[in-house]
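All remarks here apply to the structure that follows.
The values are calculated or read from the model by the stated rules, or taken from the named source; none is laboratory data. Keep in mind it's a predicted model, so treat the numbers as computed, not measured. All Cβ positions, even for glycine, are placed from backbone atoms using ideal geometry, and neighbour counts span all protein chains on display. Side chains are part of the model used for accessible areas, which takes the heavy atoms of the whole protein and leaves out ligands, DNA and RNA. Shrake-Rupley method; radii C 1.70, N 1.55, O 1.52, S 1.80 Å.
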Amino acid sequence: MRAARLLLGLVLVILVPALGAEDLRDQLSTFFVGRLSFGENHGSDCGDIGQDLVKLVSRASTIQVREQRMLALSDDGLFETPFLFMNGHNDFELSSDELENLRTYFLHGGFVFASGCCDNPEFPAAWRREMSRVFAGEKVREIAYDHLIYRSFYKMERLHSANGDRDIHLEGLFLDGDLVAVLGEDGLCCGFAMDGTCNRGRGVGPEDAKKIALNIAVYSLTH
């Protein structure tokens with residue numbers, strides 16, 4: 001699985017073998033973000049929030065980041081984009097073709113980061129259901145705090161809720177023990193892109209949201 005993810009990430013290096021050592025390093029460190037449309041969702045919920053993720057990774061690390069790519073689960077470009085971001089407010093259902101493309105994408109090393117918008121519970125509920133359809137016997141489950149994703153860039157012992165005395169866990173889909181998709185339920189994208197203004201102070205606070213979003217991005221590159 002890890003080798004497959006590495007090969008997917010190196011697709012541009014393979015296409016430009018004449019690059020010098022310095023150029024090669026630049027390509028190896030390039031981070032592609034695909035903004036995903038799926039089902040009846042056009043990938044436009046909360047405007048340019050995918051681009052906000054691009055800027056966050058670019059500002060907080062030395063990783064070279066490209067502009068986001070708008071992609072559908074039916075696009076060939078899906079398999080040239082190792083990291084996909086999807087978000088939304090509402091319930092959705094994936095078609096059999098979308099599920100098959102997503103299954104192939106994960107088997108070839110792709111990674112998906114998803115966030116519900118605001119504090120609407122419909123999108124997270126749909127995401128858990130649909131991602132649990134991708135692989136037989138694999139269900140979305142809570143990611144324990146001892147997982148590397150909580151310390152891939154920042155060391156985070158806990159994700160504290162901005163409303164109430166409780167902790168928030170990321171949730172994920174695993175394939176043969178490898179984490180291939182992550183969900184931040186409580187308006188995580190509202191935290192890292194809009195300083196928590198659109199989810200009325202619920203979910204993860206802005207600073208923790210920015211840290212864990214960067215952790216997710218770095219984890220997808222290194223595992």
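If packing is taken as the average number of other Cβ atoms within 10 Å across a peptide's residues, how do 143-155, 119-131 rank, most packed first?
In decreasing order of mean packing, 143-155, 119-131 become 119-131, 143-155.
Determine, for each peptide in 95-104, 35-44, the mean count of other beta carbons within 10 angstrom over its residues, then list the peptides with the highest first.
35-44, 95-104
5 Å is the cut-off here: which amide hydrogens, built 1.01 Å from N in the peptide plane, fall below it relative to S37, excluding neighbours closer than 5 in sequence?
Close amide H contacts, sequence-distant or interchain: L71, A72, L73.
Amide H neighbours of L183 under 5 Å, counting only residues 5+ apart in sequence or on other chains, H built in-plane at 1.01 Å?
Amide H neighbours of L183, under 5 Å, 5+ apart: A114, E171, G172.
What whole-number distance in Å separates the alpha-carbon centres of the range 68-118 and the range 142-175?
Computed from Cα coordinates, the inter-centre distance equals 22 Å.
Please compute the contact order of the range 42-139 in relative form: average sequence separation of alpha-carbon pairs under 8 Å and at least six residues apart, divided by the residue count, as a percent.
RCO, the range 42-139: 27 percent.
With a 1.4 Å probe and all protein chains left in place, how much of the accessible area of the range 45-189 comes from carbon and sulfur atoms, in whole percent?
Of the solvent-accessible surface of the range 45-189, carbon and sulfur hold 44 percent.
Roll a 1.4 Å probe over the protein chains and send me the accessible area per residue for the range 45-139 in Å². Let's see the in-between values first.
Details: 4140 Å² over 95 residues.
Each residue of the range 45-139 exposes 44 Å² on average to a 1.4 Å probe.
How about the range 138-189: which GluC sites (Glu not before Pro) there are in a DSSP loop, with at most 11 other Cβ atoms within 10 Å of their Cβ?
Numbers: sites: E138, E142, E157, E171, E185; in loops: E138, E157, E185.
For GluC sites (Glu not before Pro) across the range 138-189 that sit outside H, G, I, E and B with at most 11 neighbouring Cβ atoms in 10 Å, the list reads E157.
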